[in-house]
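The values are calculated or read from the model by the stated rules, or taken from the named source; none is laboratory data. Everything quoted here is computed from the prediction, not taken from an experiment. Cβ: placed from backbone, ideal geometry, glycine included. Neighbour counts: every protein chain shown. The protein model used for the area step is the full one, side chains on, heavy atoms only, and it has no ligands, DNA or RNA in it. Shrake-Rupley method; radii C 1.70, N 1.55, O 1.52, S 1.80 Å.
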Amino acid sequence: MKSGNQVDNTHTKILLTSLSAMVAESTTFPIDLIKTRLQLHGESLSSTRPTGAFQIGLDIIRQQGPLCLYKGLSPAILRHLFYTPIRIVGYEHLRSVISSDNGSPSIIGKAVVGGISGSMAQVIASPADLVKVRMQADSQMMRKGLQPRYSGPIDAFNKIIKAEGFQGLWKGVFPNIQRAFLVNMGELACYDHAKQFVIKSKIAEDNVYAHTLASIMSGLAATSLSCPADVVKTRMMNQTAKKEGNVLYRSSYDCLVKTVKVEGIRALWKGFFPTWARLGPWQFVFWVSYEKFRKLAGLSSF
């Protein structure tokens, strides 16, 4: 049974993770938008012109204005109010459960714990993630002179439920879970292990330098593992059922096969550098903020 102090600490950690995630998400959201646009590029036959992250960013600013770089920010922040506290606090709790008397668990144990906590968090946060992807993809329609599907996150939730049913909010949940498992397996386990390595090797003390090095390494590991699942997840969540009830992809496996067949194996790593460019700064802002907030709140280092 938890003591009152443990419960208070858990509530404090939830608050601090939410606050840190909001800061990190707001800072790096334009990179996430560009990554989503890159991953959707190539789905339509008209999208044959080669393009890159920098060109997509310039096109958005020129054609729609700089504020469109933040289209879908509100559902993204809403998602992190559920997703980040569950995965971070959940990881820390599960890590303590499997820890031996000799110290912290092995890198394999941390990877499994990270994947499990991330998967549980993603199931709960999936509806907000779906709305975020749909609203980001709407900017492509605006560029073609078409009306966007949704006027805002509330409108998106209502229209999705009306057209696709309540279960439609969890469209793409399985590739979402797969991605979340891989991301958190790489991110949480690598950050945790890399930070310990940096401190024990006396490369840096438990400060911003150690947190920065650990966040860079964890960002690269998470991106390498998760990018194919992220591409599949994005395309599955963006598709809407036509009037005849037909969809482009019947399952995540069907999406994977069709993507490779039409665009080649490299298409599974579309948006790799924007993803890494976002994960690096996101994790830097998040982990430095979170570790600092924990210190100010009188909690031990993560």
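For K233, the conditions (1) in contact (Cβ under 8 Å) with a residue 12 or more places away in the chain; (2) outside the structural domain of V260 (by the TED database); (3) closer than 27 Å to L67 by Cβ all hold with the exception of (2). Taking segment 245-291 as the range and being among the basic types (K, R), in a helix (DSSP H, G or I) and touching a residue at least 60 places away in the same chain (Cβ under 8 Å) as the test, only R278 passes. Restricting the first member to segment 204-221 and to residues that are under 18 Å from F293 (Cα atoms) and in contact (Cβ under 8 Å) with a residue 60 or more places away in the chain, and the second to residues that are outside any helix (DSSP H, G or I) and open to solvent by 30 Å² or more (accessible area, probe 1.4 Å), the beta-carbon pairs closer than 7 Å and six or more apart or on different chains are D206/S301. Taken over segment 108-144, the criterion of being open to solvent by less than 10 Å² (accessible area, probe 1.4 Å), of a type in the set (S, T, Y) and at pLDDT 80 or above is satisfied by S117, S126.
Tell me, yes or no, whether segment 174-187 has at least one residue that is small (G, A, S) and assigned by the TED database to the domain that holds Y253. Within segment 174-187, one or more residues are small (G, A, S) and assigned by the TED database to the domain that holds Y253. Of all residues in segment 147-181, those satisfying the criterion of being in contact (Cβ under 8 Å) with a residue 12 or more places away in the chain and open to solvent by 50 Å² or more (accessible area, probe 1.4 Å) are R149, A163, W170, F174, Q178, F181.
The test for being among the hydroxyl-bearing types (S, T, Y), open to solvent by less than 40 Å² (accessible area, probe 1.4 Å) and at pLDDT 90 or above holds for Y83.
Quick grid of which residues meet (1) closer than 30 Å to R62 by Cα; (2) assigned by the TED database to the domain that holds I31; (3) under 16 Å from the mean Cα position of the chain (by Cα); (4) not in a helix (DSSP H, G or I):
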site: V113; (1), (2), (3), (4): no, no, no, no
site: G118; (1), (2), (3), (4): no, no, yes, no
site: S126; (1), (2), (3), (4): no, no, yes, no
site: M135; (1), (2), (3), (4): yes, no, yes, no
site: D138; (1), (2), (3), (4): yes, no, no, no
site: S151; (1), (2), (3), (4): yes, no, no, yes
site: N158; (1), (2), (3), (4): no, no, no, no
site: K162; (1), (2), (3), (4): no, no, no, no
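Residues that are among the hydrophobic types (A, V, I, L, M, F, W, C), open to solvent by 20 Å² or more (accessible area, probe 1.4 Å) and either under 16 Å from the mean Cα position of the chain (by Cα) or under 23 Å from K270 (Cα atoms) (or both) within segment 191-230 comprise I216, M217, L220, A221, L225, listed in sequence order. The sole residue among L213, L225 that is outside any loop (DSSP other than H, G, I, E, B), modelled with pLDDT of 85 or more and not assigned by the TED database to the domain that holds G103 is L213.
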